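Just below is one structure, and these are the notes that go with it.
The values are calculated or read from the model by the stated rules, or taken from the named source; none is laboratory data. Given the structure is predicted, the values throughout are model-derived calculations rather than measurements. Cβ sites come from the backbone with ideal geometry, for glycine too, and all protein chains shown count toward neighbours.
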């Protein structure tokens, strides 16, 4: 096609689409298709919980579970994972948070089996494997206690930007551990997605978890 | 023994919480450049004295220390420590560095082979318009306050404290903008080259930016709700009421930056009185008398008399 006859992608004499016009049209349609695809992604179900999409790194750790087996994040791929840091001697926040999660999972019915709650101890000195198993099991079959040494724990804390701090022991050797209150929700591919905590209503958590399970 | 043990127990806290090769490299390179420059000048019989190098290097150490020690951990987990970190990065450290008029000394420190490239850089067609825009005192003032406001928008702050990349970007933006802003405000006019900012607009920008930061700090202190929940989510470094944390942080956003603006005003007034003759100060190629603050001071009465 002679360039001089090509006006606005059409041959100025015949009005037929020139090759330039066709490729332009094609590019436009491609762009439109890409936009529609993007909009499709954006039309994912809206979550009520705080999103942490893209803010935190994917789930990754090397710990020991409450059966004494070494485990990694890979062992939980395919399940929605709720990651929570706490300790069994925790007087208030941990039991309240875990009870809330337990109630939220009950609301899920059968699909609760697609969720794992990983309770990482920030007090491995007192939280033995046996104690963790008993404690986690109390909240439901999906609850798993995990522990690791201080180095592993520090690395994990840095990765998820949480802090924990052991207070000095009292005269009976009892001590409290200050720690984060967040429950990080990871999807089946291990990507950080949502944030929840003690103060969220269990029904909201149930709703968002079922959406997350359904979206994959 | 007590002292040695307590010093030894302090050492782990000096290790970086999250090591950043970029921060380490930039700080080391700047220090090397400055010390090379000092040595080169000394060889020519020019002495910079004690306070100027002290002030510059102290500022540099403060920047490094606030980013690459245990202090950074505390900044991530306590709102008021975070505000203190930004006070150092955006105000205190750059102020200390720039008030020492390090330009001529740093330039002397550049290896001879690179000096031409450095001169050329500022005249590149891609660099010049950007530089010119940034050197507009109102643009610089807007950036200076705008960045403080921006990172303190609760939703933005939430992301910055969780995402490691955004966190680094936030701290870099504070340090780089701090150095640039105070350079524009506190460098004698004669040492700023063609795009020098007059003292009048500088004073206005300093006062306006001072007040704008004052409003933000006061707002944070007065607010009765928790604006920055992310510290509770991630866990504070030690037990402290969230509201107290917020109020102390607000005070650090409110009062010290305003004080720094006031100090800046004093420095600018000093320059306005003492630097009216472009030839008297630290401009252009370094000459021995220009390097000496005493010489600048000696020239000042003559300059004032000439007005």
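For segment A:78-100, which residues satisfy the criterion of being over 14 Å from the mean Cα position of the chain (by Cα) and farther than 23 Å from residue A:165 by Cβ?
Result: A:99, A:100.
Residue-by-condition table, conditions (1) exposed (fewer than 13 other Cβ atoms within 10 Å of the Cβ); (2) farther than 17 Å from residue A:176 by Cα:
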position	(1), (2)
A:69	yes, yes
A:73	no, yes
A:93	no, no
A:105	no, yes
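Given (1) surrounded by 14 or more Cβ atoms within 10 Å (Cβ to Cβ); (2) under 18 Å from the mean Cα position of the chain (by Cα), identify the lone condition not met by residue B:29.
(1)
State which residue is farthest from the other protein chains (Cβ to nearest Cβ) when the search covers only segment B:152-169 and only residues that are free of Cβ contacts under 8 Å to residues at least 40 places away in the same chain and over 24 Å from residue B:247 (Cα atoms). Don't jump to the end; show me each part of the working.
Taking segment B:152-169 first, the residues free of Cβ contacts under 8 Å to residues at least 40 places away in the same chain are B:153, B:155-156, B:159-160, B:163, B:165-166, B:169.
With over 24 Å from residue B:247 (Cα atoms) added as a condition, the list becomes B:163, B:165-166, B:169.
Values: B:163: 4, B:165: 9, B:166: 8, B:169: 13 Å.
Filtering first and then ranking leaves B:169.
Out of everything in segment B:226-245 that is more than 14 Å from chain A (Cβ to nearest Cβ) and under 22 Å from residue A:200 (Cβ atoms), what residue ends up being farthest from the chain's Cα centre (by Cα)? Lay out the reasoning, then the answer.
As a first pass, look at segment B:226-245 and keep what is more than 14 Å from chain A (Cβ to nearest Cβ): B:227, B:243-244.
Those left that are additionally under 22 Å from residue A:200 (Cβ atoms): B:227, B:243.
Numbers: B:227: 27, B:243: 29 Å.
For segment B:226-245, the residue satisfying everything is B:243.
Give the residues of segment B:131-143 that are more than 27 Å from residue B:119 (Cβ to Cβ) and either in contact (Cβ under 8 Å) with a residue 12 or more places away in the chain or exposed (fewer than 15 other Cβ atoms within 10 Å of the Cβ) (or both), sorted by residue number.
B:138, B:141
All but one of (1) modelled with pLDDT under 95; (2) within 13 Å of the chain's Cα centre (by Cα) hold for residue B:92, so report the exception by its number.
(1)
Any idea which residue in segment B:186-233 is nearest to residue A:83 (Cα to Cα), counting only those that are crowded, with 21+ Cβ neighbours inside 10 Å and out of contact with any helix residue (DSSP H, G or I) (no Cβ under 6 Å at 6 or more places or on another chain)?
Among those residues, the one meeting the criterion is B:233.
Of all residues being in a loop (DSSP other than H, G, I, E, B) and at pLDDT below 90 in segment A:176-197, which is nearest to the other protein chains (Cβ to nearest Cβ)? Just the residue, please. If you could, list the steps in order and put the result at the bottom.
Quick first cut of segment A:176-197, residues in a loop (DSSP other than H, G, I, E, B) only: A:176, A:180-182, A:187-191, A:197.
The next check asks that each one be at pLDDT below 90; those that pass are A:176, A:180-181.
Working: A:176: 9, A:180: 3, A:181: 6 Å.
Per the criteria, the residue is A:180.
Which helices (runs of 4 or more DSSP H) does segment B:1-90 wholly contain that include 3 or more residues that are within 14 Å of chain A (Cβ to nearest Cβ)?
Numbers: elements: B:2-10, B:21-43, B:51-67, B:70-77, B:79-86.
Output list reads B:70-77, B:79-86.
Out of segment A:135-153, which residues are more than 14 Å from residue A:87 (Cβ to Cβ) and part of a helix (DSSP H, G or I)?
A:137, A:138, A:139, A:151, A:152
Look at segment B:218-237 and say how many of its residues are in contact (Cβ under 8 Å) with a residue 12 or more places away in the chain and touching a strand residue (DSSP E or B) at 6+ places or on another chain (Cβ under 8 Å).
3
For residues that are in contact with a strand residue (DSSP E or B) (Cβ under 7 Å, 6 or more places away or on another chain), more than 14 Å from every other protein chain (Cβ to nearest Cβ) and without any contact (Cβ under 8 Å) to a residue 40 or more places away in the chain, tally how many sit in segment A:138-175.
Final tally of qualifying residues: 1.
Here are some conditions: (1) part of a loop (DSSP other than H, G, I, E, B); (2) touching a strand residue (DSSP E or B) at 6+ places or on another chain (Cβ under 6 Å); (3) touching a residue at least 60 places away in the same chain (Cβ under 8 Å). Residue A:124 meets all but one. Which one does it not meet?
(3)
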